[in-house]
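The structure follows.
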Amino acid sequence: MAVFNAFNISSSALTAQRLRMDIIAQNIANVNTTRTEDGTPYRRKTVVFAEREGTSFSQYLSEASKGRYLAGGGVRVTAIVEDPSPFKEVYDPSHPDADENGIVQMPNVDIVTEMVNMISATRAYEANVTALNASKSMATKALEIGR
(Lines give C-alpha, C1' and ligand atoms only; values in the text may rest on other atoms or scores of the structure.)
Protein backbone atom coordinates (compact mmCIF):
# COMPACT_ATOMS: atom_id res chain seq x y z
CA MET A 1 0.00 0.00 0.00
CA ALA A 2 1.13 3.55 -0.71
CA VAL A 3 0.51 4.65 2.86
CA PHE A 4 3.10 2.18 4.11
CA ASN A 5 5.57 3.58 1.56
CA ALA A 6 5.05 6.99 3.14
CA PHE A 7 5.77 5.50 6.58
CA ASN A 8 8.94 3.84 5.29
CA ILE A 9 10.15 7.02 3.57
CA SER A 10 9.57 9.14 6.66
CA SER A 11 11.18 6.60 8.96
CA SER A 12 14.28 6.35 6.77
CA ALA A 13 14.58 10.14 6.85
CA LEU A 14 14.17 10.21 10.64
CA THR A 15 16.93 7.63 11.02
CA ALA A 16 19.25 9.48 8.64
CA GLN A 17 18.72 12.85 10.34
CA ARG A 18 19.26 11.30 13.77
CA LEU A 19 22.61 9.93 12.59
CA ARG A 20 23.45 13.35 11.13
CA MET A 21 22.70 14.96 14.51
CA ASP A 22 24.88 12.36 16.25
CA ILE A 23 27.82 13.15 13.94
CA ILE A 24 27.33 16.90 14.45
CA ALA A 25 27.30 16.36 18.22
CA GLN A 26 30.52 14.34 17.90
CA ASN A 27 32.11 17.23 15.97
CA ILE A 28 31.06 19.73 18.63
CA ALA A 29 32.33 17.49 21.42
CA ASN A 30 35.75 17.26 19.74
CA VAL A 31 36.17 20.95 18.90
CA ASN A 32 39.30 21.13 21.10
CA THR A 33 40.70 17.62 20.59
CA THR A 34 44.27 18.12 19.42
CA ARG A 35 45.36 14.49 19.53
CA THR A 36 43.44 11.41 18.41
CA GLU A 37 44.59 7.78 18.43
CA ASP A 38 46.62 8.33 15.24
CA GLY A 39 48.33 11.40 16.73
CA THR A 40 46.62 14.06 14.62
CA PRO A 41 43.93 16.57 15.59
CA TYR A 42 40.31 15.53 15.24
CA ARG A 43 38.93 15.89 11.70
CA ARG A 44 35.38 17.12 11.20
CA LYS A 45 33.01 14.45 9.88
CA THR A 46 30.02 14.85 7.59
CA VAL A 47 27.25 12.49 6.53
CA VAL A 48 26.59 11.69 2.86
CA PHE A 49 22.98 10.90 1.92
CA ALA A 50 21.63 9.15 -1.18
CA GLU A 51 18.24 8.09 -2.39
CA ARG A 52 17.37 4.63 -1.11
CA GLU A 53 15.99 3.32 -4.41
CA GLY A 54 18.32 3.35 -7.39
CA THR A 55 15.76 4.67 -9.87
CA SER A 56 17.41 6.61 -12.66
CA PHE A 57 16.12 9.79 -14.28
CA SER A 58 15.30 7.92 -17.50
CA GLN A 59 13.12 5.48 -15.55
CA TYR A 60 11.26 8.39 -13.92
CA LEU A 61 10.79 10.03 -17.32
CA SER A 62 9.58 6.80 -18.92
CA GLU A 63 7.06 6.12 -16.17
CA ALA A 64 5.85 9.75 -16.12
CA SER A 65 5.20 9.65 -19.87
CA LYS A 66 2.91 6.66 -19.28
CA GLY A 67 0.96 8.58 -16.64
CA ARG A 68 2.53 6.70 -13.74
CA TYR A 69 4.67 8.38 -11.19
CA LEU A 70 7.31 6.63 -9.14
CA ALA A 71 7.64 7.52 -5.52
CA GLY A 72 11.09 7.65 -4.02
CA GLY A 73 12.15 5.01 -1.59
CA GLY A 74 13.48 7.26 1.09
CA VAL A 75 17.01 8.14 2.05
CA ARG A 76 20.04 6.18 3.16
CA VAL A 77 23.43 7.11 4.52
CA THR A 78 26.13 6.11 2.05
CA ALA A 79 29.15 7.26 4.02
CA ILE A 80 30.51 9.27 6.88
CA VAL A 81 33.46 11.18 5.48
CA GLU A 82 36.14 13.34 7.01
CA ASP A 83 36.42 16.97 5.96
CA PRO A 84 39.77 17.42 4.15
CA SER A 85 40.06 21.13 4.97
CA PRO A 86 43.26 22.18 6.75
CA PHE A 87 43.57 22.27 10.51
CA LYS A 88 43.42 25.60 12.30
CA GLU A 89 46.73 26.82 13.65
CA VAL A 90 46.82 28.56 17.02
CA TYR A 91 49.81 30.05 18.79
CA ASP A 92 50.03 28.52 22.26
CA PRO A 93 53.58 27.59 23.33
CA SER A 94 52.34 26.23 26.68
CA HIS A 95 50.17 23.58 24.99
CA PRO A 96 51.61 20.02 25.19
CA ASP A 97 50.97 19.48 21.45
CA ALA A 98 52.70 22.70 20.36
CA ASP A 99 55.52 22.41 17.84
CA GLU A 100 58.94 24.08 18.27
CA ASN A 101 57.45 27.43 17.13
CA GLY A 102 54.58 27.25 19.66
CA ILE A 103 51.95 26.48 17.00
CA VAL A 104 49.20 24.02 17.88
CA GLN A 105 47.13 22.39 15.16
CA MET A 106 43.49 22.51 16.19
CA PRO A 107 40.58 20.54 14.67
CA ASN A 108 38.95 21.88 11.51
CA VAL A 109 35.61 22.15 13.34
CA ASP A 110 33.82 25.50 13.21
CA ILE A 111 31.29 25.67 16.02
CA VAL A 112 29.05 28.14 14.14
CA THR A 113 28.88 25.86 11.10
CA GLU A 114 28.08 22.90 13.32
CA MET A 115 25.28 24.78 15.08
CA VAL A 116 23.77 25.81 11.73
CA ASN A 117 23.97 22.19 10.59
CA MET A 118 22.36 21.05 13.85
CA ILE A 119 19.46 23.48 13.35
CA SER A 120 19.07 22.25 9.76
CA ALA A 121 19.04 18.61 10.87
CA THR A 122 16.55 19.40 13.63
CA ARG A 123 14.21 21.15 11.19
CA ALA A 124 14.46 18.28 8.71
CA TYR A 125 13.69 15.84 11.54
CA GLU A 126 10.67 17.89 12.59
CA ALA A 127 9.43 18.08 8.99
CA ASN A 128 9.63 14.31 8.68
CA VAL A 129 7.77 13.84 11.97
CA THR A 130 5.04 16.09 10.56
CA ALA A 131 4.92 14.06 7.33
CA LEU A 132 4.73 10.82 9.33
CA ASN A 133 1.90 12.19 11.47
CA ALA A 134 0.01 13.34 8.37
CA SER A 135 0.36 9.87 6.82
CA LYS A 136 -0.80 8.29 10.06
CA SER A 137 -3.79 10.63 10.20
CA MET A 138 -4.76 9.80 6.60
CA ALA A 139 -4.52 6.07 7.32
CA THR A 140 -6.68 6.48 10.42
CA LYS A 141 -9.30 8.47 8.50
CA ALA A 142 -9.31 5.85 5.75
CA LEU A 143 -10.00 3.13 8.32
CA GLU A 144 -12.83 5.20 9.79
CA ILE A 145 -14.58 5.31 6.39
CA GLY A 146 -15.57 1.66 6.77
CA ARG A 147 -17.45 2.21 10.03
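Under a Cβ-only charge scheme (Lys and Arg +1, Asp and Glu -1), can you give me the dipole magnitude of the chain about the Cα centre, in debye to the nearest 20?
Dipole magnitude for the chain comes out near 1220 debye.
For Cα pairs less than 8 Å apart in space and 6+ apart in sequence, what is the mean separation divided by the residue count of the chain, i.e. the relative contact order in percent? Before the final figure, lay out each step's value.
Working: 192 pairs, mean separation 48.5, N = 147.
Here the relative contact order equals 33 percent.
Choose one answer from Asn133, Asn27, Asn108: the residue with the largest mean-square fluctuation in a GNM of the chain with alpha-carbon springs under 10 Å.
Looking only at Asn133, Asn27, Asn108, the biggest GNM fluctuation is shown by Asn133.
Follow-up question, since we're still on this one. Could you tell me which label, among (i) 55, 33, 23; (ii) 77, 37, 23; (iii) 47, 27, 26, carries the value of Cα extents along the principal axes in Å calculated for this structure?
Looking at Cα extents along the principal axes in Å for this model, the match is (ii).
Hey, another quick one. For region 119-124, what does the Karplus curve 6.51 cos²θ - 1.76 cosθ + 1.60, with θ = phi - 60°, yield as ³J(HN,Hα) per residue in whole Hz, taken in order and with x for Gly and Pro?
For region 119-124, the Karplus-derived couplings read 5, 4, 5, 5, 5, 5 Hz, x marking Gly and Pro.
If r is the Cβ-Cβ distance from Val129 to Asp97 and R0 is 30 Å, what FRET efficiency results, to the nearest 0.05? Each step should come with its number before you reach the end.
Numbers: r = 42 Å, r/R0 = 1.41.
The pair Val129/Asp97 has a calculated efficiency of 0.10.
What angle do you read, to the nearest 10 degrees and between 0 and 90, between the alpha-carbon axis of helix 2-29 and the longest principal axis of the chain?
For 2-29 against the chain, the angle is about 10 degrees.
State, to one decimal in nm, how far the label point of Asn8 lies from the label point of Asp38, with both points 7 Å from Cα in the Cβ direction.
Using points 7 Å along Cα→Cβ, the separation is 3.7 nm.
Counting heavy atoms of the protein chains only and a 1.4 Å probe, report the per residue accessible area for the chain as a whole number of Å².
66 Å²
Dipole of the chain (Lys/Arg Cβ +1, Asp/Glu Cβ -1, origin at the Cα centre): which of Ala13, Gln105, Pro93 lies farthest to the positive side?
With unit charges placed on the Cβ atoms, the residue in question is Ala13.
The values are calculated or read from the model by the stated rules, or taken from the named source; none is laboratory data. What you see is a predicted model; the values in this text were computed from it and never measured. No Cβ is skipped: glycine too gets one built from the backbone with ideal geometry, and neighbour counts run over all protein chains shown. Heavy atoms of the whole protein, side chains included, go into the accessibility calculation; ligands, DNA and RNA do not. Shrake-Rupley method; radii C 1.70, N 1.55, O 1.52, S 1.80 Å.
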